[in-house]
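Scroll down for the structure; my scribbles are underneath it.
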Amino acid sequence: MLLNALREQVLEANLELNRRGLVLYTFGNVSGISREDGLVVIKPSGVPYERMTPSDMVVTDLDGSIVEGTLRASSDLPTHLELYKAFPDIGGVAHTHSEFATVWAQARRPIPCFGTTHADYFFGSIPVTDDLSPDEIVEDYEKNTGLVIRRCFHGQDPGDVPAVLVAGHGPFSWGESAMGATRNAVILEFVARIAFHTVDLRADADPIPSELLNKHFRRKHGPDAYYGQPAGGDSSGQVSGR
Ligand SMILES: [Zn+2]
C-alpha cells in the first residue's frame, strides 16, 4: 500500500475528531498530504468511524484522481485540494460541523478574539467567507467552497489564522499535519463556544488589545516563539498544558 504512515495518521486524525465529539455519524473529514509525492490521503465517504481502517483511506493526486483505494473519497475532497494548492505550507485539512463554530458560520459572524485562549492559536478573528453564488452552488460546489476560502485569505498568511467559517455551512481548519488540522478544529470549537458565551453575557464585549494578541500568538508561533520545549512539543499535534 502507498503512504502507510500517512494513512495511519489520517485515520488517527479522523478518529480524534470523533473522540472529541466534533462529528455525528459520518460527518466530518480530515486529510493529509505528502508534498514529496504530490498525493493526498483522505477519509472515505460514508464509512462509520468505528469500522474505518488505514486501508479504507483513499489516496488521490492533486487533481482528485484516485491513485489507490477501492472506496469513494469524502465528497469534500475538492475543497481540501483547493486549500492544498493555495496554501503550500499546510500538511493537513479538517472539516466538521461542530456545534458552536457552525453557529457562528450560520450567523455569518466572524469570531472576535475575546481572550488569550483564542490568541494562543489564532492571530485575530476567525473570518467568515462570502456566500457562494447560485451558479457556484449548482456547478462544482465543493471546489467553489475551496475557492471562496482562498478569496477570504487573499493576501493573508493562512498560518496566522488556521481556520475559517464557510458562510451558512461550517468550519474548515488546517495545520502542519492531519492531526494538526484536527487539533485546530478542536481548539476552534472551544474558542467558538467561549466566544458565544462571552457575547451572551456581554453583547458589546470588546476584542482584546493588539498588544495582548501579539504577545500570546507570537510567543507560541514564528521565529520569536519561546513557549514549550525547544524540540517543539506542539508539532506532535498534541495540545500541551499551559
Ligand atoms: Zn460540510
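For the stretch 36-174, the C-alpha radius of gyration divided by 2.2 N^0.38 Å, with N the number of residues, is 1.08.
Averaging the sequence gap over all C-alpha pairs within less than 8 Å and six or more residues apart, then dividing by the number of residues, gives the stretch 1-144 a relative contact order of 21 percent. If you take the Cα centroid of the stretch 148-188 and the Cα centroid of the stretch 57-75, the two points sit 22 Å apart. Each of VAL138, VAL10 was scored by other Cβ atoms within 10 Å of its Cβ. Listed from fewest to most, they are VAL138, VAL10. Net charge of the neighbourhood of HIS169, taken over other residues with C-beta under 13 Å away and scored Lys/Arg +1, Asp/Glu -1, is -4.
Result for the chain in a Gaussian network model with C-alpha springs under 10 Å: among ALA195, ALA203, ALA101, the largest mean-square fluctuation is at ALA203. Between the stretch 86-104 and the stretch 33-56, how far is it from one alpha carbon centroid to the other, in angstrom? Between the Cα centre of the stretch 86-104 and that of the stretch 33-56, the gap is 17 Å. Considering only GLY159, PRO112, VAL128, the residue lying farthest towards the positive end of the dipole of the chain is PRO112, judged by Cα position with unit charges set on Cβ.
Anyone know which of GLN156, GLN106, GLN229 comes out most mobile in the 10 Å Cα GNM of the chain? So, out of GLN156, GLN106, GLN229, the one fluctuating most is GLN229. Would you kindly calculate the translational diffusion coefficient of the stretch 1-66, applying Stokes-Einstein with the Kirkwood radius from alpha carbon pairs, for 37 °C and a viscosity of 0.692 mPa s, and quote it in µm² s⁻¹ without decimals? It comes out at roughly 275 µm²/s.
In the P(r) worked out for the stretch 1-113, what percent of Cα pairs fall beyond 16 Å? Percentage above 16 Å: 58.
Once you keep just the Cα pairs under 8 angstrom separated by 6 or more residues, what percentage relative contact order results for the stretch 95-242? Computed value for the stretch 95-242: 32 percent relative contact order. Work through the residues other than GLU99 whose Cβ is under 9 Å from its Cβ and net out their charges, Lys, Arg +1 and Asp, Glu -1. That sum, taken over residues with Cβ under 9 Å, equals 0.
Basic side chains Lys and Arg get +1 at the Cβ, acidic Asp and Glu get -1 at the Cβ, and with that the dipole of the chain about its Cα centre reaches some 660 debye. Of the residues GLU139, GLU189, GLU176, GLU68, the one with the fewest other Cβ atoms within 10 Å heads the list, and the complete ranking is GLU139, GLU68, GLU176, GLU189. What residue among GLY69, GLY170, GLY155 shows peak mean-square fluctuation when the chain is described by a Gaussian network model with Cα springs under 10 Å? Its mean-square fluctuation being the largest, the pick is GLY155. By the helix-only formula, in which each DSSP H run with n ≥ 4 contributes -39500 (n - 2.57) and the sum is divided by residues, the chain has a 222 nm mean residue ellipticity of -11000 deg cm²/dmol. Hey, could you get me the Stokes-Einstein D for the stretch 100-175, Kirkwood radius over alpha-carbon pairs, 25 °C and 0.890 mPa s, rounded to whole µm² s⁻¹? Using the Kirkwood radius from Cα pairs, D works out to 193 µm²/s. Taking the inverse of the mean reciprocal distance over all distinct Cα pairs, the Kirkwood hydrodynamic radius of the stretch 60-116 comes to 14.0 Å. When all alpha carbon pairs of the stretch 155-236 are counted in 5 Å bins from zero, the resulting P(r) reads 3, 11, 16, 23, 24, 14, 7, 2, 0 %. Note on the chain: the C-alpha convex hull projects to 13.3 nm² when averaged across all orientations.
Computed from the coordinates by the stated procedures, all read-outs in this text should not be read as laboratory data. What you see is a predicted model; the values in this text were computed from it and never measured. Cβ: placed from backbone, ideal geometry, glycine included. Neighbour counts: every protein chain shown.
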